[in-house]
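Chemist: I am attaching a structure below and will ask some questions about it afterwards.
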Amino acid sequence: MDIVSLAIGLLSGAAGGNVAGKVMNSGMGTLGRSITGIVGGTGLAAIAPMIPGLAGLFGDPAAGAASAGGIVASLVSGGVGGGILTGILGKVMGNKA
């Protein structure tokens with residue numbers, strides 16, 4: 001396990017969650033969006049290799065790829081997964097007034 005790729009994936013998940021939450025004007029708050037983004041980013045990285053067609057697209061933070069491609073893949077999977085889960089939960093929980 002490469003700790004740098006894992007940290008980048010977690011931080012980009014938090015960033016993706018916060019960006020999606022701000023765009024949607026969700027009422028989750030910064031901490032809620034960050035936690036949701038981290039969970040979403042990690043979840044996407046974990047399940048992407050199991051989905052046909054997505055196996056090489058998103059990086060697995062636990063794979064230990066210490067290359068530039070592995071870092072970019074961690075950034076993408078964290079940001080996209082964090083944004084998707086935060087967007088879903090933002091719609092379910094409703095927007096703030």
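Chemist: Of the residues in segment 39-97, how many are farther than 16 Å from L6 by Cβ, modelled with pLDDT under 70 and of a type outside the set (G, A, S)?
Modeler: Here the count works out to 4.
Chemist: Still on this structure, I have one more. So how many residues does segment 1-29 have that are farther than 24 Å from G69 by Cα and hydrophobic (A, V, I, L, M, F, W, C)?
Modeler: Final tally of qualifying residues: 4.
Chemist: Mind listing whichever residues of segment 1-12 are in contact with a Leu (Cβ under 9 Å, 6 or more places away or on another chain) and at pLDDT below 85?
Modeler: Hits for segment 1-12 are I8, G9.
Chemist: Has segment 21-36 got at least one residue that is more than 10 Å from the chain's Cα centre (by Cα), at pLDDT below 85 and within 14 Å of G78 (Cα to Cα)?
Modeler: Checked against the condition, which is being more than 10 Å from the chain's Cα centre (by Cα), at pLDDT below 85 and within 14 Å of G78 (Cα to Cα), segment 21-36 yields no hits at all.
Chemist: What about A15, is it modelled with pLDDT under 80, surrounded by fewer than 22 Cβ atoms within 10 Å (Cβ to Cβ) and under 11 Å from the mean Cα position of the chain (by Cα)?
Modeler: Considered against the rule, which asks whether it is modelled with pLDDT under 80, surrounded by fewer than 22 Cβ atoms within 10 Å (Cβ to Cβ) and under 11 Å from the mean Cα position of the chain (by Cα), A15 comes out as no.
The values are calculated or read from the model by the stated rules, or taken from the named source; none is laboratory data. All figures in this text were calculated on a predicted structure; none of them were measured in a lab. Note: ideal-geometry Cβ built from the backbone for every residue, glycine included; neighbour counts use all protein chains shown.
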